[in-house]
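Remarks on the structure that follows.
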Amino acid sequence: MKLVTFEHRDETRVGAVNEVGDVVDLAADPALPRTMVDLVAQGEPALRRARALVAEDSRGIAADDVRLLAPIRPRNNIMCVGKNYLDHAAEFAGSGFDASQQQAVPEHPVVFTKALSSIIGPGDRIDVSADDTATTDYEGELGVVIGTGGTKIAAADAWDHVYGYTVVNDLTVRALQRQHVQFFIGKSAATYCPIGPQIVTRDEIEDITAVWVRTRVNGEERQAAPVSDLIFSIPTLIAAISATVLLEPGDVIATGTPAGVGIGFDPPRYLEPGDVVEVSVDGVGVLTNPTG
Ligand code: MG
């Protein structure tokens, strides 16, 4: 299923996108939860109800009549992985920006988080004007949405904990990323975590490693790589994080960004007000946000 959180007539709802692209309001079934986190937490039984609703009420609301919001607002910070594509790790090392790093390719996943307050939805404006350093960079990424939570999840069991996928733009103020050593401040500015436009459930994608992540700025392709290029696979990431962290339903793991970020260019090509950033993941969606 393709699941969205949307605004219609001043109300926020959870919906499913039907075959013709209209949005079916899941509130039509009073037994279904009213937030995406709750829907995810209720797992397969809730999905079955939602599927039945879409099948019986296929009309839905025209896509043009709804405003899509970030599909999910997790309970915990967005979890992110640094340097998880070989070519990106190399370009980052080559930029000389991260002087503290010991090695270009990490031995273990580099995991950090973004504040919940940085989340925005598809089409929302990224406020780069608040960045006094003018070093705002894009990072197009596949986001993994956790279904059943847990700790000490074995890599072999990890796919059972994947509810679905979304698209994340892990926007970064590079100067602050370096200045504060820990990535949190540089990655968590308000509006710096666009998510969406939807969550696609795991069953919809036959092989997630075969799909490509792409980023375009003003129509120019900057990043393009298959998910199979990940240094640390999705099961490895889930096992590594859950070794200590309690993953909860609806948590989002942004899996890392391919080569082609602004800082990888010489001179760097940072975002400026008036740019349009488009991150796409095949079969998962296209996340478009203007900057201002
Ligand atoms: Mg990133």
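Evaluated against (1) within 16 Å of the ligand (Cβ to nearest atom); (2) under 20 Å from VAL37 (Cβ atoms), VAL111 falls short on exactly one condition, (2). Exactly one residue out of ILE185, ILE126 is open to solvent by 40 Å² or more (accessible area, probe 1.4 Å) and at pLDDT 95 or above, and it is ILE185. Would you check if there is a residue in the range 278-287 being in contact with a helix residue (DSSP H, G or I) (Cβ under 6 Å, 6 or more places away or on another chain) and either open to solvent by 50 Å² or more (accessible area, probe 1.4 Å) or not β-branched (Val, Ile, Thr) (or both)? Within the range 278-287 (the criterion being in contact with a helix residue (DSSP H, G or I) (Cβ under 6 Å, 6 or more places away or on another chain) and either open to solvent by 50 Å² or more (accessible area, probe 1.4 Å) or not β-branched (Val, Ile, Thr) (or both)), the answer is no, since none of the residues qualifies. Scanning the range 164-184 for residues being among the aliphatic types (A, V, I, L, M) and more than 21 Å from ARG73 (Cβ to Cβ) gives a total of 4. Can you report the number of residues in the range 195-227 which are among the small types (Gly, Ala, Ser) and farther than 21 Å from LEU287 by Cβ? Counting residues in the range 195-227 that are among the small types (Gly, Ala, Ser) and farther than 21 Å from LEU287 by Cβ gives 0. Examine the range 8-24 for a residue that is part of a helix (DSSP H, G or I), open to solvent by less than 20 Å² (accessible area, probe 1.4 Å) and in contact (Cβ under 8 Å) with a residue 24 or more places away in the chain, and state whether such a residue exists. No - not one qualifying residue is present in the range 8-24. When each of PRO267, PRO273 is tested for being more than 15 Å from the ligand (Cβ to nearest atom), touching a residue at least 24 places away in the same chain (Cβ under 8 Å) and surrounded by fewer than 22 Cβ atoms within 10 Å (Cβ to Cβ), the lone residue that passes is PRO273. Take THR209 and decide whether it is within 22 Å of PRO109 (Cβ to Cβ), open to solvent by less than 60 Å² (accessible area, probe 1.4 Å) and assigned by TED's automatic domain parsing to the domain that holds VAL276. In short, yes. Filtered by the rule that a residue be within 15 Å of the ligand (Cβ to nearest atom) and open to solvent by 10 Å² or more (accessible area, probe 1.4 Å), the range 242-259 gives a lone residue, ALA259. When each of SER118, SER129 is tested for being farther than 21 Å from PRO268 by Cα and in contact with a strand residue (DSSP E or B) (Cβ under 9 Å, 6 or more places away or on another chain), the lone residue that passes is SER118. Taken over the range 166-197, residues that are part of a strand (DSSP E or B) and away from the ligand (no atom under 16 Å from the Cβ) amount to 2.
Go through the range 37-93 and count every residue that is more than 16 Å from the ligand (Cβ to nearest atom), small (Gly, Ala, Ser) and either on the phi < 0 side of the Ramachandran plot or loosely packed, with under 15 Cβ neighbours inside 10 Å (or both).
The qualifying residues number 10.
The values are calculated or read from the model by the stated rules, or taken from the named source; none is laboratory data. Just so we're clear, the structure is a prediction, and the values are computed from it rather than from any experiment. Heads up, the Cβs are rebuilt from the backbone with ideal geometry, glycines too, and the neighbour counts pull from every protein chain shown. Calculation scope for accessible area: heavy atoms of the full protein, side chains included, ligands and nucleic acids excluded. Shrake-Rupley method; radii C 1.70, N 1.55, O 1.52, S 1.80 Å.
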